[in-house]
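Asks: First, the structure itself, so that you have it in front of you.
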Amino acid sequence: MKISKIETIWFTDKPKLVFLRIHTDNGICGIGETYEMPAAFEGYMHNEVAKYLIGKSALDIDKHWTYFYKTPRLALGKSLEIRALSAIDMALWDILGKYLEQPIYQLLGGACREKIRVYNTCAGYDYVGDSGFGYHATGQGIDANRPYEDLHAFLNHADKLAESLLSEGYRQMKIWPFDRYAETNNGNFISLEELKEGLEPFSKIRKSVGDDIDIALELHNLWNLPSAIKIAKAVSDYGAIWCEDPIPMDNIDSLVDMRQQCSIPICASETVGTRWGFREMFEKKAVDIVMPDITWTGGISEAKKIASMAECYNLPVAPHDCVGPLTYISGVHLSMNLPNALIQEVVRAYISGWYQDLVTDLPRIDNGYVFLPEGYGLGTELNPGIFERSDIRYKVSHI
Ligand SMILES: [Mg+2]
């Protein structure tokens, strides 16, 4: 089964999300995706990747992974090459699953469970895109009347948001109420007034629903070490379940310092690429909860290997998704397979909204759990209707 054609597909309303389709000469087609720098991704895919990949066996996943990792000799960390590799890997796993008529979780070693808890990342519908820091940190410009504008909700009425999530079965939520203060001084300092204001959502949630919902704190790598420690210590009074990406992931010793000084578990990091990136975090005991992003870290193959490394250090894994439907579905396959899976991230505004516009099937969620995906491979396809959209950006390479 040889690879015969490679397509890239993206849209102006989600300008960072790119889909990849890899076709084979027996009619099987695999789908993948990546996020960030779509034009560069498209150029790399058609100018470099296609030259190597077209005509090769679609089943040699590890061989192709190693080629794309080693051949450019620049494919380190969370680079364009690694993001491209991630999308290729995802599509090849989809092909393998369709060829063997098995879901991907089965091919990874089978299901360790039939369902896993999900938590809601409190982003609104348009969090993915070019909305800018004002939107992402302060909710500026959000239409608060839509039902799942959860970013606006956690900044303004976190108590009502927690009640809404609990009524739908969610028992964990993730919020980032301190981001808005990082912009003014590049994360170098947080005042007592800002600290207290940022704690208000935590206070409102606890007053409203008590300890019925777990709260994860997201810091988006925005802070320096002393500020991150100050925030994490303040939030621990509210029993926060983890502190995610408190500082930039470019000095793991700083993260070790942070972990030693704070009682709140450290979760990291969607911003780390490949098993070599995670190795130092494990060896230096820098992290409590491991969060790879499949489309950034090297694909399903690499996320599985990172999770196995984490298992050696008795660490749980929580696959990241605030990115796109195929990242989410790949995460669910991994979450079902991994012996050390903790919880799966979802964004209810996405899974109830634009994810459904782009793909045919999503795994079933009920009462705070996601269930085993159905079908072969990823168990979904790009929605045929998207190819009729006037804002499609499409490019193909073939034999
Ligand atoms: Mg994050």
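A quick yes/no check of all residues on (1) away from the ligand (no atom under 16 Å from the Cβ); (2) surrounded by fewer than 24 Cβ atoms within 10 Å (Cβ to Cβ); (3) on the phi < 0 side of the Ramachandran plot:
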| residue | (1), (2), (3) |
| --- | --- |
| GLY298 | yes, no, no |
| GLU302 | yes, no, yes |
| GLU311 | yes, yes, yes |
| VAL317 | no, no, yes |
| CYS322 | no, yes, yes |
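Asks: Oh, and also: Can you go through PRO373, PRO339 and tell me which one is over 21 Å from LYS14 (Cβ atoms) and either in contact with a strand residue (DSSP E or B) (Cβ under 7 Å, 6 or more places away or on another chain) or in a helix (DSSP H, G or I) (or both)?
Replies: Just a single option satisfies the conditions, and that option is PRO373.
Asks: On the given criteria, is ALA58 of a type in the set (A, V, I, L, M) and at pLDDT below 95? Even if it seems obvious, please write down each step before you answer.
Replies: Details: of a type in the set (A, V, I, L, M): yes; at pLDDT below 95: no.
No; evaluated as a whole, the condition is false for this residue.
Asks: Please work out which one of (1) within 25 Å of the chain's Cα centre (by Cα); (2) more than 24 Å from HIS333 (Cβ to Cβ); (3) not in a loop (DSSP other than H, G, I, E, B) is the condition ARG83 fails and give its number.
Replies: The single condition ARG83 does not satisfy is (2).
Asks: Now for a separate question. Looking only at region 343-367, how many residues end up being assigned to a loop (DSSP other than H, G, I, E, B) and surrounded by fewer than 20 Cβ atoms within 10 Å (Cβ to Cβ)? Lay out the reasoning, then the answer.
Replies: To start, the set of residues in region 343-367 that are assigned to a loop (DSSP other than H, G, I, E, B) comprises 343, 347, 352-353, 360-364, 367.
Checking the rest, the ones that are also surrounded by fewer than 20 Cβ atoms within 10 Å (Cβ to Cβ) come to 352-353, 360-361, 364, 367.
Number satisfying all stated conditions: 6.
Asks: State which residue pairs qualify: first residue under 17 Å from HIS320 (Cα atoms) and outside the structural domain of CYS312 (by TED's automatic domain parsing) and inside region 261-290, second residue within 15 Å of the ligand (Cβ to nearest atom) and basic (Lys, Arg) in any location, beta carbons under 9 Å apart, and separation of 6 or more residues or different chains.
Replies: From residues that are under 17 Å from HIS320 (Cα atoms) and outside the structural domain of CYS312 (by TED's automatic domain parsing), there are no pairs.
Asks: Additional query: For the structure I just gave you, tell me whether GLU244 is closer than 17 Å to CYS122 by Cβ, within 16 Å of the ligand (Cβ to nearest atom), of a type in the set (Asp, Glu) and in contact with a His (Cβ under 9 Å, 6 or more places away or on another chain). Can you show your working first?
Replies: Values: closer than 17 Å to CYS122 by Cβ: yes; within 16 Å of the ligand (Cβ to nearest atom): yes; of a type in the set (Asp, Glu): yes; in contact with a His (Cβ under 9 Å, 6 or more places away or on another chain): yes.
It is true that GLU244 is closer than 17 Å to CYS122 by Cβ, within 16 Å of the ligand (Cβ to nearest atom), of a type in the set (Asp, Glu) and in contact with a His (Cβ under 9 Å, 6 or more places away or on another chain).
Asks: Look through SER208, SER236, SER203, SER227 and report the one residue that is crowded, with 20+ Cβ neighbours inside 10 Å, among the polar types (S, T, N, Q) and either more than 16 Å from the ligand (Cβ to nearest atom) or not assigned by TED's automatic domain parsing to the domain that holds SER164 (or both). Spell out how you get there, then give the answer.
Replies: Working: SER208 fails: crowded, with 20+ Cβ neighbours inside 10 Å; SER236 fails: crowded, with 20+ Cβ neighbours inside 10 Å; SER203 fails: crowded, with 20+ Cβ neighbours inside 10 Å.
Step by step, each of SER208, SER236, SER203, SER227 is checked, and only SER227 is crowded, with 20+ Cβ neighbours inside 10 Å, among the polar types (S, T, N, Q) and either more than 16 Å from the ligand (Cβ to nearest atom) or not assigned by TED's automatic domain parsing to the domain that holds SER164 (or both).
The values are calculated or read from the model by the stated rules, or taken from the named source; none is laboratory data. Since the model is a prediction, treat every value here as computed from it, not as a measurement. Note: ideal-geometry Cβ built from the backbone for every residue, glycine included; neighbour counts use all protein chains shown.
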